[in-house]
Amino acid sequence: MIKIKQKSDLNESEVTPEAIYHKRREFLKYGSMLSSALILNTVSSRLQASVDVTGYKQGVITLDEELTPFKDSTRYNNFYEFGTDKSDPARNAKDFDTSNWSIEVSGACEKKGEFMLEDILQGMDIEERIYRLRCVEAWSMVIPWLGVPLGKVLQTFKPTSSAKYVAFETLHDPTRMPGQQRAVLDWPYVEGLRIDEAMHPLTLLAVGMYGKTMPNQNGAPVRLVIPWKYGFKSIKSIVRIKFTDREPPTTWNLSSPREYGFYSNVNPEVDHPRWSQARERRIGEFFKRETLMFNGYAEEVASLYSGMDLKKFY
Ligand SMILES: Nc1nc2c(c(=O)[nH]1)N[C@H]1C(S)=C(S)[C@@H](COP(=O)(O)O)O[C@H]1N2
Ligand SMILES: [Mo]
């Protein structure tokens, strides 16, 4: 796996004094939200035996931008399985039980079957990655995720040469996900990536954030994070992964094909039919800021799309 070097990355050699400084600064910066996170965690730990993230590697990919406060990134959510208002998921996913979570792996790979999440993650280093998250609705956040590169996980299933795409599916269980009792979307929520996008070292299989196990409203116990794509590609609470030879259907494209394409790369030059994508509101800020090409990750990912007309493949 290639290690992505960013301008903002720390070198191993300069880690000691720098890391302490960053850690301290981070602590001061989200001291109060951390204490609320700790409270949340003790309350919910009896209900959910989710992924243990202790001992994660810090500073793997950092970003010199203010983190979005924990209370915003856990109270302003899109997770339609738990309601369509931004405040619904925090309330309605509170008691969502994510223990004994398994993922079914199928399609063009050698190792197929149903695997416990803890077995899939066995022996893999969990790392922290601070990424921008840009929603197609023109707001954004900066979130310190914890997870493992998706590509590392996918390799363990030994995809074959006909694996050109990977399809993902969210849990479908209206008794546990009350939002699925209404036909707001075609359940289950499905998403997909081209295999090179899925294997790209920036693509993360996330199991936590802010040093903690993933909160339910953010997609516990396991979700994707693809920082250069609109947020809806980052599918939550995954129960199925399938390697395929053709482009898989995706929920928002099925719902409104003219507005949402398969690629959905963040692009300030390609507007949504109903609004501009040139600027965004960073949650917690008053003035809008410019949206960056590929959400600021062009250096790392632009080559995946060379020669493609990004207006056509939106
Ligand atoms: N299963 C599922 N995954 C989902 C969604 C959803 O409604 N259902 N919403 C998406 C959208 S539109 C965004 S912006 C992000 C939001 O992630 P966050 O709540 O952790 O910020 O999750 C994405 N993943
Ligand atoms: Mo979104």
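Observations
- Scanning the stretch 105-120 for residues that are assigned to a strand (DSSP E or B), under 16 Å from LYS158 (Cβ atoms) and not hydrophobic (A, V, I, L, M, F, W, C) yields SER106, GLY107, GLY113.
- Counting only strands (runs of 3 or more DSSP E) that sit wholly inside the stretch 132-199, those with at least 1 residues that are of a type in the set (Asp, Glu) and modelled with pLDDT of 95 or more are 165-170, 190-194.
- In the set (1) under 23 Å from GLU81 (Cα atoms); (2) free of Cβ contacts under 8 Å to residues at least 24 places away in the same chain; (3) assigned to a loop (DSSP other than H, G, I, E, B), PRO248 fails one condition alone, (2).
- Flag for ASP245 being over 30 Å from ALA220 (Cβ atoms) and either modelled with pLDDT under 95 or touching a strand residue (DSSP E or B) at 6+ places or on another chain (Cβ under 9 Å) (or both): yes
- Of all residues assigned to the stretch 259-275, at least one qualifies as being in contact (Cβ under 8 Å) with a residue 40 or more places away in the chain, outside any helix (DSSP H, G or I), in contact with a Ser or Thr (Cβ under 7 Å, 6 or more places away or on another chain) and crowded, with 16+ Cβ neighbours inside 10 Å.
- Total residues in the stretch 25-77 satisfying the condition of being at pLDDT 95 or above and part of a helix (DSSP H, G or I): the figure is 4.
- Taking the stretch 141-160 as the range and being under 13 Å from the mean Cα position of the chain (by Cα) and not β-branched (Val, Ile, Thr) as the test, the residues that pass are MET141, PRO144, TRP145, LEU146, GLY147, PRO149, LEU150.
- Test: residue in the stretch 286-304 that is buried (at least 18 other Cβ atoms within 10 Å of the Cβ), part of a loop (DSSP other than H, G, I, E, B), on the phi < 0 side of the Ramachandran plot and in contact with an Asp or Glu (Cβ under 8 Å, 6 or more places away or on another chain): yes
- Matching residues in the stretch 116-174 - criterion: being crowded, with 19+ Cβ neighbours inside 10 Å, within 13 Å of ligand 1 (Cβ to nearest atom) and aromatic (Phe, Trp, Tyr): TYR131, TRP145, PHE168
- All conditions but one from (1) within 11 Å of ligand 1 (Cβ to nearest atom); (2) of a type outside the set (Asp, Glu); (3) crowded, with 21+ Cβ neighbours inside 10 Å apply to VAL184; the one that does not is (3).
- Taken over the stretch 70-84, residues that are crowded, with 19+ Cβ neighbours inside 10 Å and either farther than 18 Å from ASN216 by Cβ or of a type in the set (D, E, K, R) (or both) amount to 1.
- Residue match in the stretch 214-228 (condition: near ligand 1 (Cβ under 10 Å from one of its atoms), in contact with a strand residue (DSSP E or B) (Cβ under 8 Å, 6 or more places away or on another chain) and free of Cβ contacts under 8 Å to residues at least 24 places away in the same chain): yes
The values are calculated or read from the model by the stated rules, or taken from the named source; none is laboratory data. Because the structure is predicted, anything quoted here is derived from the model rather than measured. Note that we place each Cβ from the backbone using ideal geometry, even for glycine, and neighbour counts take in every protein chain shown.
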